[in-house]
Each structure stands twice: as C-alpha cells, then as structure tokens.
Amino acid sequence: MSKVKRQNTTTRLPLLPLRGLAVFPNTVITIDAARDRSIAALQSAAQGEDQRVFVVAQRDSLTEKPVLEDLYTMGTVAVVKQLVHLPDRSVRVLLEGHSRAMLLSVLEGESFQWAELVAVSPVMELVYTDANQRAMMRAIRTLAPQAARAHGQSMPELLQAIEGERSPSVLCDVIASSLLTRLEDKQALLECLDVDERMKLMLEKLADEIQIGELEERIHERVHEYMDRANHEYYLREQIHAIQDELGEDEDEEVAELRKRIRASK
C-alpha cells in the first residue's frame with residue numbers, strides 16, 4: 001500500500017481557478033484565461049522567481065468570482081512555462097503540473113487571489129515489484145487505447161508514452177488528464193492520493209469511458225439511419241409531388257367536370 005507524505009509547512013501562491021478543467025502533475029497543458037484576476041495571477045506567477053501558480057477547479061463553472069467554498073480542496077502546483085497575450089485581451093498559458101496540493105484558504109490580494117496551501121505527494125518506489133501493481137498497470141495500458149478509440153481519438157503519442165511509463169502514479173495522471181471527459185472523474189483521480197487505489201479507480205473510469213463511447217456510437221448510428229430514412233422519404237414525397245404537379249391540371253379539370261355533372265343531375 002502506497003503511503004502519503006504531507007508537508008507541515010504551508011505555501012502561498014497566486015491562485016488560478018479553472019472552469020470545467022483539472023490540471024494534473026506530470027502533465028503539460030495549454031489554457032486560455034480571460035478573467036482579470038486570473039490574468040493578473042498568471043502574470044504575477046510568470047514574473048516570480050519559481051514561476052509557480054496554484055490551479056484548482058471550480059465546483060460550479062458559472063461562478064464568476066469564486067471564493068474558498070466554490071473551489072475543490074485538491075489542486076495542482078504548476079509552473080508557468082509560457083504566457084502569450086491574445087488580441088482579445090485574454091492570455092494563453094502553457095502550464096506544467098508538478099505536484100498535488102490541498103487548498104487551505106483563499107486570500108484576497110490587490111488584483112488577484114492568493115492560495116494558502118500544503119503540498120501532498122505519494123511516496124513511490126522507482127522500481128515496483130508488487131505483482132498486483134504490475135497487473136493493474138497492464139490492464140490500464142490495455143483499456144487506454146480502447147477508451148481513446150471509443151471517443152474517436154487515436155492519440156499515438158499518448159499511447160506510446162504510457163506504454164513505456166514505469167511509474168503507476170504518473171501513468172494514472174497522464175491518462176486521466178487526456179482520456180477522462182467528465183470533470184468529476186478527473187477530480188476524483190486527482191484527490192486519490194493512494195497510488196494503488198488510484199489505479200483501481202483509473203480502471204473503473206476507463207471502463208466507463210469505453211461503455212459511454214460505445215453507447216454514443218450506437219446513438220449516432222441510429223441518428224444517421226433515421227436521417228437517411230427521413231431524407232429518402234422526403235425525396236420520394238417530393239418526387240410524388242412533382243408528378244402530381246405535372247398531372248394536376250388535367251385531374252382537377254376532370255374532377256371539376258364530374259362535380260358539375262353531379263350537381264346538374266340532382
């Protein structure tokens with residue numbers, strides 16, 4: 001069973017709340033930020049000595065100015081690798097996730113918020129010998145390509161990377177960041193500090209993604225069949241309508257003559 005190491009000292013970093021997104025350690029991600037406080041926090045981090053920022057997901061993406069209660073407790077300490085200002089006054093930032101951290105409090109600064117946090121990280125062996133871990137890692141590597149295909153993705157670079165990954169923790173983080181679609185699932189993996197439990201959870205979430213992808217594919221096939229059938233029926237109706245238009249005048253005159261004769265005959 002993997003142990004969890006929690007630091008006793010707290011750290012204060014610029015806070016970047018995220019909408020519908022979770023950042024994992026051991027991953028690199030590009031994010032667009034538009035809120036004034038988010039931009040100011042990123043600029044402060046980029047100008048700092050270690051360029052670190054604390055990124056954490058919002059519980060409700062519609063919240064414009066989140067406070068402590070609006071944020072998840074577990075987030076990620078990340079490093080700002082690149083910051084680009086866009087024409088619409090937003091910024092695009094390249095973040096490299098480094099370590100998990102627990103959010104203790106949110107402090108209001110002059111132009112952005114500060115996060116007071118404590119870092120947490122699993123203690124991992126460089127070489128794993130547990131047969132159960134090896135079996136779970138093999139199962140995860142088997143399910144990951146199926147999950148990618150289920151959502152119409154190939155991701156050859158990702159699949160190549162996870163094939164050679166020897167750390168169970170890194171393996172789960174990389175796959176969760178790239179293949180899980182629901183924020184709730186990502187956050188559950190981020191909050192799972194025990195690596196063995198994280199691998200079990202990863203297997204469950206990958207199985208869910210495969211099942212959902214297969215259901216979506218069947219639904220899409222039914223929709224296409226319905227649309228093809230509807231289009232075919234519409235085409236036939238239009239053909240019939242065109243034929244009736246061609247024959248309509250003679251038919252109408254004939255019917256009118258019959259009605260005239262019926263009325264005259266009483």
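Pairs are defined by a Cβ separation below 8 Å, a sequence spacing of at least 6 or placement on different chains, a first member in the stretch 72-86 that is closer than 17 Å to Glu96 by Cα, and a second member that is β-branched (Val, Ile, Thr) and part of a loop (DSSP other than H, G, I, E, B); the pairs so defined are Gly75/Val23; Thr76/Val23; Ala78/Val23. If you go through the stretch 149-188 and keep only what is acidic (Asp, Glu) and closer than 17 Å to Arg138 by Cβ, you end up with Glu163, Glu165.
The set of residues from the stretch 191-245 being polar (S, T, N, Q) and either modelled with pLDDT under 85 or open to solvent by less than 40 Å² (accessible area, probe 1.4 Å) (or both) comprises Asn231, Gln239, Gln244.
Of the numbered conditions (1) under 26 Å from Asp194 (Cβ atoms); (2) in contact with a helix residue (DSSP H, G or I) (Cβ under 8 Å, 6 or more places away or on another chain); (3) buried (at least 18 other Cβ atoms within 10 Å of the Cβ), Leu16 fails exactly one; give the number of that condition. The single condition Leu16 does not satisfy is (1). When the stretch 143-190 is limited to residues that are free of Cβ contacts under 8 Å to residues at least 60 places away in the same chain and basic (Lys, Arg), the one that is most open to solvent (accessible area, probe 1.4 Å) turns out to be Arg166.
Note on the stretch 47-65: residues that are at pLDDT 95 or above and either small (Gly, Ala, Ser) or at positive phi (or both) amount to 2. A single entry from Ser61, Ser111, Ser90 fulfils the requirement of being more than 20 Å from the chain's Cα centre (by Cα), open to solvent by 50 Å² or more (accessible area, probe 1.4 Å) and not β-branched (Val, Ile, Thr): Ser111.
To keep it simple, each residue is scored yes or no on (1) at pLDDT 90 or above; (2) in contact with a Pro (Cβ under 6 Å, 6 or more places away or on another chain); (3) not in a helix (DSSP H, G or I).
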{"site": "Glu116", "(1), (2), (3)": "yes, no, yes"}
{"site": "Ala135", "(1), (2), (3)": "yes, no, no"}
{"site": "Ala139", "(1), (2), (3)": "yes, no, no"}
{"site": "Ala144", "(1), (2), (3)": "yes, no, no"}
{"site": "Ala148", "(1), (2), (3)": "no, no, no"}
{"site": "Gly152", "(1), (2), (3)": "no, no, yes"}
{"site": "Glu165", "(1), (2), (3)": "no, no, yes"}
{"site": "Ser169", "(1), (2), (3)": "yes, yes, no"}
{"site": "Ala188", "(1), (2), (3)": "yes, no, no"}
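Among the residues of the stretch 91-110, just one is small (Gly, Ala, Ser), more than 17 Å from Asn26 (Cα to Cα) and modelled with pLDDT of 95 or more, namely Ser105. When Glu157, Glu204 are screened for being within 23 Å of Thr73 (Cβ to Cβ), in a helix (DSSP H, G or I), out of contact with any Ser or Thr (no Cβ under 8 Å at 6 or more places or on another chain) and of a type in the set (Asp, Glu), only Glu204 passes. Taking the criterion of being modelled with pLDDT under 95 and exposed (fewer than 15 other Cβ atoms within 10 Å of the Cβ), the residues of the stretch 1-13 that qualify are Met1, Lys3, Val4, Lys5, Arg6, Gln7, Asn8, Thr9, Thr10.
The values are calculated or read from the model by the stated rules, or taken from the named source; none is laboratory data. Just so it is clear, the structure is predicted and the values come from calculations on it, not from any experiment. Every residue, glycine among them, receives a Cβ derived from its backbone with ideal geometry; neighbour counts consider all protein chains shown. Accessible surface areas use protein heavy atoms only, side chains included; no ligands, DNA or RNA. Shrake-Rupley method; radii C 1.70, N 1.55, O 1.52, S 1.80 Å.
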